[in-house]
Every structure is written in structure tokens, then in C-alpha cells.
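S.K.: Encoded as C-alpha cells, here's the structure I'll be asking about.
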Amino acid sequence: MAGEFDDIRIRLELIAEELADLAIARLMESIDAGGKELPVDEKRLTRARRAVEKAAGILREQTDSDF
């Protein structure tokens, strides 16, 4: 079972990186366009990234039931 969780955790971590890259791209686009406020998409992408990172962290935790 642990190996199965590791595969999912790794995929979640990669998704979190992709979400971070997209958020940075949105910020850069906004700056290039002269924007003075954070883009709505960036905020949503950041919230999604944090949720995915939380899920990966939960799968990383070792509990007594793993043994």
C-alpha cells in the first residue's frame, strides 16, 4: 500500500509544481501588461496548489496503521 501512496504523492507534488508555474506565468503576464493588482487566476491557482500540497503532505505522513 505504501508504494501506491508514494506514486500518488509524487504525482500530486508534480501537479503542485505545475500550478506554481502557471501562477507565476499569470503574475508575469499581469506585470508585463502594466497590471497593478493580482490576477484572479493567480489567486485561484495558488489556492489549488496549496490544497494539492496539503494532500501530498497527508500521504507523506506515516501513521501507526502503516505498520
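The values are calculated or read from the model by the stated rules, or taken from the named source; none is laboratory data. In this text the structure is predicted, and so the values were computed from the model without any measurement. All Cβ positions, glycine included, derive from the backbone under ideal geometry; neighbour counts span all protein chains shown.
S.K.: List every residue pair whose Cβ atoms lie under 8 Å apart, where the two residues are 6 or more positions apart in sequence or sit on different chains, the first residue falls within the range 4-29 and is exposed (fewer than 14 other Cβ atoms within 10 Å of the Cβ), and the second residue, located anywhere, is of a type in the set (A, V, I, L, M) and assigned to a helix (DSSP H, G or I).
M.R.: Every condition considered, the pairs that remain are ASP6/LEU59; ILE8/LEU59.
S.K.: Hey, among ILE15, ILE31, which residue is β-branched (Val, Ile, Thr) and at pLDDT below 95? So that I can check it myself, show each step before the final result.
M.R.: On the way: ILE15 fails: at pLDDT below 95.
The conditions single out ILE31.
Here's the yes/no breakdown for (1) under 17 Å from ILE58 (Cα atoms); (2) hydrophobic (A, V, I, L, M, F, W, C); (3) not in a helix (DSSP H, G or I):
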{"site": "ILE10", "(1), (2), (3)": "yes, yes, no"}
{"site": "ALA16", "(1), (2), (3)": "yes, yes, no"}
{"site": "LEU19", "(1), (2), (3)": "no, yes, no"}
{"site": "ARG26", "(1), (2), (3)": "no, no, no"}
{"site": "GLY34", "(1), (2), (3)": "no, no, yes"}
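S.K.: Of all the residues that make up the range 34-56, how many are small (Gly, Ala, Ser) and at pLDDT 95 or above? Lay out the reasoning, then the answer.
M.R.: Initial filter on the range 34-56 (small (Gly, Ala, Ser)): 34-35, 48, 51, 55-56.
Now narrow it down to the ones that are at pLDDT 95 or above: 48, 51, 55-56.
Number satisfying all stated conditions: 4.
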